[in-house]
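The values are calculated or read from the model by the stated rules, or taken from the named source; none is laboratory data. Quantities reported herein were computed from a predicted structural model and do not represent experimental measurements. With ideal geometry, Cβ positions are generated from the backbone for all residues, glycine too; neighbour counts draw on all protein chains shown.
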Amino acid sequence: MMKIAVLIFVLLVFTGLQNTALLAQDPGLLSKTGDSLYYLKEYDKSIQKYEESLNLDPLNTNVIYNAACVYSLLNKPDDAFVMLEQLPGLGYENLGWISKDTDLDTLHNDSRWKNLLTAIQQNRDRRKDILNMKIVTSDIDNFWVMYDIYKTSGYSGDIQKFYFDKKSPGLKEFTQRREINAAAMEKVIKAYPKYLESVRANTLKLKGITEKLKGYFRKLKQIYPDVLYPDIYFTIGCFNTGGTVSGRMLLIGSEMMCADEDSPKDELNKWLKGNIGNFDNIEQIVMHESVHTLQSFNPGSLLSAAISEGACDFIAQKVTGKELASAHYNYGNKYEEGLWKEFKKEMNGSDLSRWLYSGERSVGRPSDLGYFIGYKICESYYNNSEDKTQAIKDIIEVTDFDAFLKKSGYEEKFSK
């Protein structure tokens, strides 16, 4: 028994050493540890982990920002500004957030604070000029070069060398937000070979729609003069998401958004089958996700989440002119009143599972019916507004969702 106990102890120590070594090499794990220590208010330990993370990944704006917050809480303004003054040069532009973040309150009376905000405002002003907008497809080209090399070599190092080592700023951000790395990519390539081959041609067509997208953004400018143009990166991820937003950066997982009627889905699991997007809708998808970059809140209730998503669909339809003909819209138009009565009972809660993001886990009817309800509320708000330009602004910038619903007059159509 003693030998077994000793062996177990040695294995535990060895595992702990391995984990420690892994932590020491992974800037993401280090920063997450710093986050955990921050929430425990162990600020001295937290800043140590952030600094270790930045030694490995010195241009990570999220970690730089978090480190500045902790230095501020430690009443070390000089160290905080060493961090903060890097942000404008790295493209940081979230003026609203940094202005109201209470962690930085101790810095507001410092003469350097005003200069910092001015520099961040200049970054925001840059977004007002469509000539500064980037639409980047280089990751698509790099992926297929890597894919063909890897199919011949079978060497996982080629995935890192020919794809991740050449990543755009967008793919870099994507890898930080989702589990996207060489090991995960190798599993994807092995699991979905037929599907991936089927979307190759469509992903390579993406560079051909950039001018059309810019045309849609010009239409958006006409109806929403306050538009800030995002940088759009078409990448290939690991089937984690079709699209996500990081600040004003829009990241599209093209492997999930470029299917067509010939794309085989037998390799895909149930969730993926319900979340694969059609290439014919890619422009609408991009415009939908772009509206998310203009919203400045985190939905807390089903109502707010539905209106947020419905607003993006509504604006995307306005600028593209394309009808919303997906399964949840066809079903919603048929059963609208009953769906509203169901939705109303749940709208103030935080459980989204029956209405949003459920894919094929939705039983008995299409998923994502919350998009439909949110769209109809926004449509009603717009139709009942005399000032259409102001209505568009309200739809995009809404923060008081109860008041928005009431003003929309949507519910009244069912009480007549």
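Below is a table of values for the structure above.
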{"item": "Members of segment 98-125 found to be without any contact (Cβ under 8 Å) to a residue 24 or more places away in the chain and under 20 Å from S290 (Cα atoms), listed by number", "result": "D125"}
{"item": "Check on E336, of a type in the set (D, E), closer than 30 Å to L228 by Cα, modelled with pLDDT of 90 or more and surrounded by 12 or more Cβ atoms within 10 Å (Cβ to Cβ)", "result": "no"}
{"item": "Positions within segment 352-387 being surrounded by fewer than 21 Cβ atoms within 10 Å (Cβ to Cβ), in contact (Cβ under 8 Å) with a residue 24 or more places away in the chain and more than 20 Å from the chain's Cα centre (by Cα), in sequence order", "result": "E360, R361, S362, R365, P366, E379, S380, Y382, N384"}
{"item": "Odd one out for R124, checked against (1) modelled with pLDDT under 90; (2) surrounded by fewer than 17 Cβ atoms within 10 Å (Cβ to Cβ); (3) in a loop (DSSP other than H, G, I, E, B)", "result": "(3)"}
{"item": "Residue that is modelled with the highest pLDDT [pool: residues in segment 340-373 that are of a type in the set (F, W, Y) and either more than 18 Å from F404 (Cβ to Cβ) or outside any helix (DSSP H, G or I) (or both)]", "result": "W355"}
{"item": "Matching option when the condition is farther than 24 Å from G277 by Cβ, surrounded by fewer than 18 Cβ atoms within 10 Å (Cβ to Cβ) and in contact (Cβ under 8 Å) with a residue 24 or more places away in the chain, among K345, K341", "result": "K341"}
{"item": "Any helices (runs of 4 or more DSSP H) falling wholly within segment 230-339 and containing at least 2 residues that are among the β-branched types (V, I, T)", "result": "282-292, 302-320"}
{"item": "Some residue of segment 93-115 being within 28 Å of the chain's Cα centre (by Cα), assigned to a loop (DSSP other than H, G, I, E, B) and hydroxyl-bearing (S, T, Y)", "result": "no"}
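Okay, residues lined up against (1) modelled with pLDDT under 50; (2) at positive phi; (3) assigned by TED's automatic domain parsing to the domain that holds A80:
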| site | (1), (2), (3) |
| --- | --- |
| A5 | yes, no, no |
| L12 | yes, no, no |
| Q18 | yes, no, no |
| D35 | no, no, yes |
| K41 | no, yes, yes |
| S46 | no, no, yes |
| E51 | no, no, yes |
